[in-house]
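One structure below.
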Amino acid sequence: MAKNDSVKKTLVVAFVLCIVCSVVVSTAAVVLRPMQEANAERDRKFNVLQVSELYEPGVSVSQQFSEQIVARVVNLETGEYAENKDPETYNQFEAAKDPAQSRTLSGAQDLAGIGRQENYATVYLVGDPENPEQIILPVRGQGLWSLMSGYLALRGDGNTVVGLSFYDQGETPGLGGEVDNPDWKALWDGKKIYPEDSMDPAIHLVKGGVGPQTSNAEYKVDALSGATLTSNGVTNLLQFWLSDSGFAEYLARFRDTTQGA
C-alpha cells in the first residue's frame, strides 16, 4: 500500500510540474512576444537601410528609416499600389502561407523554388515616393541548403542596381555563404537588370569572372567560387522576382518615366 502511495505521489508531482512548466513557458512566450516583434521590425529596417547604403552607425535605426524611407504595398499582378493595405501591418511572408492571399507555384513557374507566392509585396522607397531615388525590393529563393531571403536596391530608374544583400541564408560557409562577403556584394553596384526595350531580366551570375572586355558585362556578376548551386539560386531568384511573376509590371512605371524624361 505504501508502495502504491509512493507511485501515486510521484505521478502527481510529475503532473503538477508539467502544468507549472507549461504555464511558465506560455507566460514567457506572451511576455516576450512584443520584444521579439520589435527586434524583428528593427532588423527589417536595418537591412533595408544597409542595402540602400543609407545606414549610419550611432544613429537610431527607426529615426533613419522614418526620415528617409516610405513603405508601400504593391499588387504584383497589376504593378499598382494597394491603397487598402497598410505596410505597417501587412506581412507578405505570412500571406504567402495563406491560400486566400497567395498562389501555388509549380514546375517552370517556380524558378525561385519558393512553392507559394503572395499576391502583394511591400517595397521601400527612398526620397519622394512619386520620384524615388531608390527602390528596395524584397527577394527570396532557394539556394543549395537554404531559402535565401534579402533585399535588392535599385536606383530610381528601376533598372540600375545599388546593392543586393541577404539577411537570412544558411549556405555553406566559405562557399555559398560568400553571398554575405562585402567584396562580392560590392560587385553589384551599377549593374543593369533589363536590356533596352525589354522587361525580361538579363541579370545573372557567370563563372570565370566579369571584366571590362566581357560581352554585356553590365548584366553579369561573378559567380561564387565553388558554389555553383548557390550562384544558380541567386540568378534564379532574381530572374523570378524581376520578371512578370514579380516586380516587372511595377518597375516598368519607373523605366517609362525615366525614358520619357
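The values are calculated or read from the model by the stated rules, or taken from the named source; none is laboratory data. As the structure is a computational prediction, the values presented were derived from the model and not from experiment. Neighbour counts are summed over all protein chains in view; Cβ atoms, including those assigned to glycine, are modelled from backbone coordinates with ideal geometry.
Assorted remarks:
- For the condition surrounded by 15 or more Cβ atoms within 10 Å (Cβ to Cβ), modelled with pLDDT of 95 or more and of a type in the set (S, T, N, Q), Asn47 does not qualify.
- Where Ala121 falls short, out of the listed (1) over 23 Å from Val51 (Cα atoms); (2) modelled with pLDDT of 95 or more: (1)
- Residue in the stretch 150-161 that is within 21 Å of Ala121 (Cα to Cα), in contact with a Gly (Cβ under 6 Å, 6 or more places away or on another chain) and crowded, with 19+ Cβ neighbours inside 10 Å present: yes
- On inspection, Leu137 does not qualify as of a type in the set (A, V, I, L, M) and more than 25 Å from Gly170 (Cβ to Cβ).
- Members of the stretch 123-176 that are within 23 Å of Asn84 (Cβ to Cβ) and either out of contact with any helix residue (DSSP H, G or I) (no Cβ under 6 Å at 6 or more places or on another chain) or not β-branched (Val, Ile, Thr) (or both): Val123, Tyr124, Leu125, Asp128, Pro129, Glu130, Pro132, Ile135, Leu137, Pro138
- Residue check, Val61 closer than 27 Å to Lys185 by Cα, at pLDDT 95 or above and surrounded by 12 or more Cβ atoms within 10 Å (Cβ to Cβ): no
- Exactly one residue out of Ser198, Ser231 is in a loop (DSSP other than H, G, I, E, B) and either surrounded by fewer than 19 Cβ atoms within 10 Å (Cβ to Cβ) or not aromatic (Phe, Trp, Tyr) (or both): that is Ser198.
A quick yes/no check of all residues on (1) touching a residue at least 24 places away in the same chain (Cβ under 8 Å); (2) surrounded by fewer than 12 Cβ atoms within 10 Å (Cβ to Cβ); (3) in contact with a Phe, Trp or Tyr (Cβ under 8 Å, 6 or more places away or on another chain):
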{"site": "Ser102", "(1), (2), (3)": "no, no, no"}
{"site": "Gly107", "(1), (2), (3)": "no, yes, no"}
{"site": "Asp128", "(1), (2), (3)": "no, yes, no"}
{"site": "Pro138", "(1), (2), (3)": "yes, no, yes"}
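- Against the conditions (1) assigned to a helix (DSSP H, G or I); (2) in contact (Cβ under 8 Å) with a residue 24 or more places away in the chain, Ala186 satisfies every one except (2).
- Condition met for Ser165 (among the small types (Gly, Ala, Ser) and assigned to a loop (DSSP other than H, G, I, E, B)): no
- Taken together, the residues in the stretch 81-129 that are assigned to a loop (DSSP other than H, G, I, E, B), over 23 Å from Lys45 (Cα atoms) and more than 19 Å from the chain's Cα centre (by Cα) amount to 1.
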